[in-house]
Structure formats: structure tokens, C-alpha cells
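Let me begin by presenting the structure, written as C-alpha cells, before commenting on it.
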Amino acid sequence: MKNFITLMLVAIFSWLAVLPMTASANNVQFPTLLEGLKQKNFSKKAVVIDQLEITGDARVLKVFQHMIKGKLYYEKSELVRFVFVEKNESGFAITNVLNDEPLGSVGKREVKKVKVNNKLRGKLRLAIAKLSLNHPDVNLRRDAVRLMFKNIDAAAVQLLTARLTVEAKDKVRDTIEVGIALFDLESIDKQVKLKSIEILGDSLEPAARAALLPLVAKDDTNDYLLQDRDVLTAAIKAVARIDAKLKYNNWAETIYFGLSLGSVLLLAAIGLAITFGVMGVINMAHGELIMIGAYTTYVVQLLMPDHIEYSLLVAIPSAFLMAGLIGIAIERGVIRFLYGRPLETLLATFGISLILQQLVRTVFSPLNRSVETPQWMSGAFEINSALALTYSRFYIIIFSLLVFAALLMILKKTSLGLHVRAVSQNRAMARAMGIRSGWVDAMTFGLGSGIAGIAGVALSQLTNVGPNMGQAYIIDSFMVVVFGGVGNLWGTLVAAMSLGVINKVLEPWAGAVLAKIIVLIFIILFIQKKPRGLFPQRGRAAEH
Amino acid sequence: MENRSFVMNLLANDNAARWFLSTLFMLGIVVPFCNLMVPQDSIFHVSSYTVTLLGKYLSYALLAIALDLVWGYCGILSLGHAAFFALGGYAMGMYLMRQIGDRGVYGNPDLPDFMVFLNWDTLPWYWQGFDMFWFAMLMALLVPAALAYVFGWLAFRSRVTGVYLSIITQALTFALLLAFFRNEMGFGGNNGLTDFKEILGFSLQSDTTRAGLFVFTVIFLALGYLVSRYVVSSKMGRVVVAIRDAEDRTRFVGYKVESFKLWIWVFSAMLAGIAGALYTPQVGIINPGEFSPLNSIELVVWVAVGGRGTLIGAVIGAVVVNFAKTFFTAAAPEVWLFFLGGLFIFVTIFMPNGIMGLVKGFSEKRAARLARQSPSEVRS
């Protein structure tokens, strides 16, 4: 027994003795080198920077980045730890450099800045570039190259060339080549210059075009300033090539924006396509049901503040239920008494919309509420340097199509859908067959309203959530449904997408407001020409 | 003389109309008198604020008559009638703007302040002529009429009816709202037209002018009522009612439905334009908010509350609802929208014929009771 304890103690001690040695292999150097930054002498600091750079420690990059921005400090207290600072109202919020541990707030007097001069800044910039050029993340590598575009010099080019030999990713290679070409553009050697123009002409980097433009500048008499004809023609061709590509990109972007606006319209209108299109009920409170959905998202996020990432997954079904139940209540409480009197329905539901608006104003506040966007929805998918498609819009497009498909399935494949279609085509006959038309009405209206609620969840990610948000969508939604042809879901899809794209195509030259006016007038005139929309219902159902 | 007997003929056997006109007549005399002649501390004194408020209600009442003509009598539910009202208001506003002359903040004799602010150096062509009162008033009639004519001609000819028509009228006023919000339109953008000084040389701040404007509003409301009364009781009016009740049958009988609809639509737009022109000088501002779809739809509820298809009902509805609005927005602002919303629902479900429907039902019951009683009296 005694032996065993001795053995254990020996084991523990020997382990404890070994521990610092193994861990410190490349660790001990970093804090000690860091101490060197406390020196006043700038050239001594420069030496320390060089030493830090070659340690290969992952924390060095962050230290340099903060140092160049003047955010690297050390404590005056006995601990003299190095800290990163972030200014806040009370003073500085500090973070330990060694382990990223937040250390709370301190006053300005308690810390001392690590000072840098211009020479040191140049050195740091290069060091940062070098370190981030070797960063494992592809996008960070590319951003590092781009950062070097602004003041590219021989030293930078040397770094880039070195990286080019080991770089495996094409998109980083291309960016590096553009960087080198930007430097070569200033070369005296004509061949090198022409080559670099050629490379720049293939790139969509804004810096490439900006560098080429001075070459094709004109004087007051509309003659080119550049004398060298070969270089001039090459530059003109290169700029033209970039511009052609940019134009193409612009179109792609416009279409993408148009489709995403179209999806928003589709989401807003599709519930209405059910209540108005299938049931013939004019629901002016539709916009407010969208608003209810958006507020449900807000409440769900309040209830689960630690799980914003998943909040939308909870919000979608809750918004559907919430808006659906309110919709059923509206149908059973008011609309039921007004079937066959469309204008009265319009007025009564308008009254409901006013009440819902005021209710939200009283319960929450007249002010807009902000709904958080989950991490996975932010960011953009970069197709090339000039065209980036934001994820949020992409998800909205996909989401609206999914909702559309689901709705289509419900109407075509379920027994509820069958009943809905039967009642909408011939109510008396459907009743004679034993369909409870009242129940079907309530369910249909609930379905349309629930989808409005889902639309609200999507819209909460794009716009402000406020008591008036429903108003903004009601006219648009009606326009989409009427334009597409009442009672035709596919018509609604086509109408929403085409109106979205038309709007975005008009916007650049007409402005947002005028584009909207033009679209409205277009629809007004279109309805005169084809009163039943793009895809009118045919046959008996169309009679009344 | 001729005219007088004509009015008498029109009002024969119509007690309600005679009551209504005499009330208006009394209002037109008593209110200005109590405002100008009765000393301030007397309980009979009517403050200038009240005079302006009443004037506003009465110009709304004229607007309500205009909507009632198309909705109550012709079955066209317009959700954009406030657009015609606002256009009339803007025409008057433009005249009043020009009357400011060089008394604006920038002291420019030719350009209104907002144009100086936008760095414009000449008056846009469509502002020409608005320094003349008669021209501005003509425009207050013609601009709404022209818009109504173009819109109606397109809509009625292609037989856009029912809710479709309602929705595109709403789109129309929404498009105008967006357009008038633009500074480039040259109508003062967001702020609209305001800071008026005088009308026809009379200061708009003086009590006498306000009382005068009130009297004019009363006169125009009475005239508007009489002309509308004549229109709906004429042969044309009866065709219009027939269109409301059975559009297809009327067409098959041989009437050109589109022309009748267009006529009453344009006439109604002109009435709305007059109402707008009366409204602007009394309220002292006209801005794009008047085009908002909510205004048009509120107007619909006035008529619904009063009772559509009765011109007096429209007037009563406009006054009652607006009185309630003034009361609630001062006393309990958050209750107002609940009240308005509830009113929409209550009236459509329980009171489809509005206040006038209740009155009529009541008087019919009384007549029936009298009819039951009188034979027994004869017998005994």
C-alpha cells in the first residue's frame, strides 16, 4: 500500500515536472518576446516584431492587427498583462492577449498604449499580410491579398510571388496575379506592361479597373493622353472587356434582386391567393396577419434569447398557428355573416385590420421592433469579385418556393384541398355531397391566414417589424393576385416574380418610388385590358 | 322665380330634405353670428376653432355626398375618392401659395418657398395661371374631372366591376400618394402646401374670413346636395340605380351602361374636388397624406354609418364619425382606431342601411301603428 502511494506521488510529480516543458516548446517564447514591446525605442520594437513574426504562434497576427490600429495596451498594475482594448462608454473593455479572456472594464489611466510610428506601421502591415497570406482560411488569404492592392510595392510583390508558388486555390492565385499585375503596370518594360494590362482586363476586381482607367484618360479636346499606341489599344480593350462583364454581372444582380423581391411578394400574396382567389373573400386584414407573424417571430426570440440560430425554426410553426387561429376567429366571427357580399366583407375586414394594428400598438409599442437575423442567414455567396449574392435573399427565394409547393400539394393532394376546391366550385353541390362547407370555409381561411403568418416570419428578416408593416404589403399583394388571375396559384407565382423583376429593372433609371408608381399604373392599365388577369379561370367557375 | 319653383318641386313630399336644408340654413346664420357678434365670455359664443372644425366637417360632408352618389346609387365602391378631394385641395393650395407672394421665408416674389429651397429658378409650367382665383377654381373642378374621366373611361369600358374596381381605385390613390411625396413633382413633397396668408385679399387668420369660408361651405354643401338630389331623382338617376341593382339587365334593356356610370363618376369627382377646395383654406394645409388609402376608406365608413343611398345619410355619417374622431383623438387617442375598426364591423353586419335605415325603420313602424289605429278610430 505504501509502495503504491509512493509510486503515485512519484508519477504525479514527474508528470507535473514534465508538463510545463512540453507545453512551452513554442509557448514560452511568445509572452517573453511580447515583453520587448514595452520598450520605448522604435527600432528595438522593430526587432521584436521580426522575432514575433517567425515564432509561428497563432496569436501573433491578432497582436499585430491590434497594434497597427493602436488597440494594444499593457496594464500599469503589478500584473502588467498585455491586453487588447475596445473603447466603451465607461472607459476601455480589455481582453487578455494570451488567452482571449475578457477582463472587464478599466479606466483610461490604468493601461498604457504600445506606441507605433509610421515606419513600424509599414513593417506591421507587411508582417500582417505575410501572416494572413499563410492563413488556412481561403477567404482570409484572399482578403489579405486585396488589402495589399492599395499600396503595392516591391516588398509586397516579393511576398505575393512567394505565396504564388505554394498556393493551391485558384481564386487566391487569380487575386495574387492581379496584385502582381498592378505592380507590373508601372513597369518601364513595355512587354511586362502589356502583359499586366492583359491580366487586369480579365479581372473583375474594382482595383483592376481603377488602375486601368488613368491609361485611357482623355484631355479636354477628347484625345487620349497616352502616347504609346500599343499600350493604349491594349488598355482600351481591357477596360471594354471589364465593362462588358460588369454589365452582365449587373443584369444578373438585378434579376437576383428582382427574384428576391418577387419572392417577398409571392409570400405576401400567396395567402391572399387562397382567401381571395379560392374563397372570393376580400381580406383587407391580410397585411395585419403578416404583421402578426412577424411579431410572433419577435416574441419567440424574446423567449429563447440564447438560441437565436434556431428561433426561426420555432417561429415558423408558431406564426402559422397564431395567424391561422386569428384567421379562423375572423372567419367565424365576422366573414361568415357576409358571404356573397364582397364589398361589405372588404369594409368589415378593413375594420379588423385597424383593430389588429391598434392592438399591436397597445400591447407592444408604436415603435418598430428589431428582430435578430441568425448567423447562418447573414453573409454572401461570392460568385466573382463584382457579384456577391446575399444568403438572406437566397433563403427567401427558396423558402417562398417551398411554401408555394407545400400549398399546391395541400390543395391538390389532400382531402382538405379536395373539399376546398369542391366548395369553391359549387357550394350547394358540395354540401349535397356531405361536405361541411362551414368547416371547410374556416379551414381554408385559416390556411390562407397561417401562410400570411409565415410570410411575416420571412419579412421580419428583411424589414422593420412595426404596427404599420402590414399596410405596406396589402396593396402589393392584391395587385399580384389580380395581375396573376384570381383563383390561379401558378398565375400568382408568375405575377409575383415578374412584378419583382420589373420593379428592380426599372429602379436604376427611375428611382425606387417612381418605379413603384410605374408598376402600379402598368397594372391598372393591364387590368383594363385583361380584367381577369394573366391566367384567367375558364369555365363555369369564372362566371361569378 | 322659375328656379324657386323648381327647387320647391324637387323638395315636394320630402320632409327630410326640407329639415336638412333648414338646419343648414340655420347653421349658416347662427354659427357666424355667435362667433362674430356674441361676446367671448357669453355661453353662446362659438369659438373660431369650432367654426373651422364645423367647416371642415361640412366639407367632408360634401365629399361624402360625392362618394354616396357613386357607391350608394351606382354601386361603384371607390376606395380612392379622397384622391379627387386632394386634387381639388391642391388646386386651391396652389392658388393660396401664389398669394403668399414675396412674404415667404425666402422672400421670392415668383417662387414658393419650397421651390427656392430646391434651387429651382423658374415656375414649372403647371403652376402657371394659379395666381388667378378663377383659374385655380376651374382647375379644382377640371383636374379631378379629367382624371376621373380617363380612369372611368378605361375601367367602365372594359367592364371592370366590383372588388376589382375597388382595388384599382385604391392603387390609383396609392400611386398618387407616392407621386406627391416626391419633391421633384413640384408640389412641396412631404410637407405639402402650407403657410397660407390670404384668400382673395382677405387674411386667412382673421375671424371674419373664417366665418365667411364657413358660410361658403354651407352654401356649397346645400347646392351640392340640391344638384345631387336632382340628379338622383331625374330619369338618369333612376337608370343609375337600375345599374346598381342589375347591371346586366340594364344593359340588355338597351341603356349604355358605361356612359351612365362615367357620367356619375365624373360628376362625383367634381363634387369631391369642390369639397377639397373648400377644405384647404380652412385647415391651412394640404399634404400628400390626403391621398393615403386610409383616408379614402374612412370616407367609405362615413357613408356606411350614415346610410348609403341616402344623401342626407352621407352628410350625417360624415359629421357624426368626424365628431367622434375629434372627440376620441383628443380624449383617448389609442381608443380611436379600436372604435373606428369596431364601427366598420358593426355597421356592415348589424346596420347595413346605417343611421338613415334606423330612422326609416322607426318611422315606418310608426306609420304602420298609426295605420292600425286609424281604422279603429273610424269605426268607433
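The helices (runs of 4 or more DSSP H) found wholly in segment B:91-201 and carrying at least 3 residues that are away from chain A (no Cβ under 14 Å) occupy B:113-117, B:133-157.
Scanning segment B:246-269 for residues being more than 15 Å from B:Gly152 (Cα to Cα) and touching a residue at least 12 places away in the same chain (Cβ under 8 Å) gives a total of 2. Kindly evaluate A:Gly324 against the criterion of being facing another protein chain (nearest Cβ under 10 Å) and closer than 27 Å to A:Gly438 by Cβ. Judged against the criteria, A:Gly324 is not a match.
Residues that are surrounded by 22 or more Cβ atoms within 10 Å (Cβ to Cβ) and among the aliphatic types (A, V, I, L, M) within segment B:87-116 comprise B:Leu87, B:Ala91, B:Met92, B:Met94, B:Leu96, B:Met97, B:Met115, listed in sequence order. Among the residues making up segment B:270-283, those that are in contact with a Leu (Cβ under 7 Å, 6 or more places away or on another chain) and either within 10 Å of B:Leu63 (Cα to Cα) or surrounded by fewer than 24 Cβ atoms within 10 Å (Cβ to Cβ) (or both) are B:Met270, B:Leu271, B:Ala272, B:Gly273, B:Ile274, B:Ala275, B:Gly276, B:Gln282.
Would you check if A:Ala430 is within 14 Å of another protein chain (Cβ to nearest Cβ), part of a helix (DSSP H, G or I), among the aliphatic types (A, V, I, L, M) and surrounded by fewer than 24 Cβ atoms within 10 Å (Cβ to Cβ)? Answer is no for this residue. If you go through segment A:315-351 and pick out every residue that is of a type in the set (S, T, N, Q) and at pLDDT below 90, you end up with 1. The helices (runs of 4 or more DSSP H) located wholly in segment A:135-209 that include 3 or more residues which are under 27 Å from A:Arg59 (Cα atoms) and out of contact with any Pro (no Cβ under 7 Å at 6 or more places or on another chain) occupy A:138-149, A:154-166, A:170-184. Hey, can you tell me all the residues within segment B:228-248 that are within 13 Å of B:Val70 (Cα to Cα) and polar (S, T, N, Q)? If the condition is that a residue be within 13 Å of B:Val70 (Cα to Cα) and polar (S, T, N, Q), then B:Ser228 is the only one that fits. Scan segment B:145-159 and tell me whether some residue there is within 21 Å of B:Gly192 (Cβ to Cβ) and either surrounded by 14 or more Cβ atoms within 10 Å (Cβ to Cβ) or more than 28 Å from the chain's Cα centre (by Cα) (or both). Yes - at least one qualifying residue is present in segment B:145-159. Being more than 14 Å from chain A (Cβ to nearest Cβ), of a type outside the set (Lys, Arg) and surrounded by 15 or more Cβ atoms within 10 Å (Cβ to Cβ) is a description that applies to B:Leu204.
Residues in segment A:260-306 that are touching a strand residue (DSSP E or B) at 6+ places or on another chain (Cβ under 9 Å) and within 24 Å of A:Ser365 (Cβ to Cβ) were compared, and the one that is surrounded by the fewest Cβ atoms within 10 Å (Cβ to Cβ) is A:Tyr298. Hey, could you check segment A:352-382 for residues that are hydrophobic (A, V, I, L, M, F, W, C) and exposed (fewer than 14 other Cβ atoms within 10 Å of the Cβ) and say which is farthest from the other protein chains (Cβ to nearest Cβ)? Among them, the one singled out is A:Trp376. Which is under 23 Å from A:Gln358 (Cα atoms), more than 14 Å from chain A (Cβ to nearest Cβ) and not polar (S, T, N, Q), of B:Ala331, B:Ala304? Sole residue among the options that is under 23 Å from A:Gln358 (Cα atoms), more than 14 Å from chain A (Cβ to nearest Cβ) and not polar (S, T, N, Q): B:Ala331.
Okay, residues lined up against (1) more than 27 Å from B:Leu10 (Cβ to Cβ); (2) of a type in the set (Gly, Ala, Ser):
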site	(1), (2)
B:Gly212	yes, yes
B:Val227	no, no
B:Ser234	no, yes
B:Gly237	no, yes
B:Val241	no, no
B:Ala269	no, yes
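The residue of segment A:435-458 that is modelled with the highest pLDDT, among those that are under 39 Å from the mean Cα position of the chain (by Cα) and of a type in the set (S, T, N, Q), is A:Ser449. Within segment A:328-345, is there a residue that is away from chain B (no Cβ under 14 Å) and in a helix (DSSP H, G or I)? Yes: segment A:328-345 contains one or more residues that are away from chain B (no Cβ under 14 Å) and in a helix (DSSP H, G or I). Those helices (runs of 4 or more DSSP H) of segment A:440-544 in which 3 or more residues are buried (at least 22 other Cβ atoms within 10 Å of the Cβ) and away from chain B (no Cβ under 14 Å) occupy A:489-510. Quick check: is even one residue across segment B:211-224 in contact with a helix residue (DSSP H, G or I) (Cβ under 6 Å, 6 or more places away or on another chain), farther than 29 Å from B:Val38 by Cα and of a type outside the set (D, E, K, R)? Taking every residue of segment B:211-224 in turn, at least one turns out to be in contact with a helix residue (DSSP H, G or I) (Cβ under 6 Å, 6 or more places away or on another chain), farther than 29 Å from B:Val38 by Cα and of a type outside the set (D, E, K, R).
Out of A:Leu354, A:Leu359, A:Leu367, A:Leu312, report the one residue that is at pLDDT 85 or above and either assigned to a loop (DSSP other than H, G, I, E, B) or not assigned by TED's automatic domain parsing to the domain that holds A:Leu259 (or both). None of the others qualify; the one that does is A:Leu367.
The values are calculated or read from the model by the stated rules, or taken from the named source; none is laboratory data. These figures come from a predicted structure and were not determined experimentally. All Cβ positions, glycine included, derive from the backbone under ideal geometry; neighbour counts span all protein chains shown.
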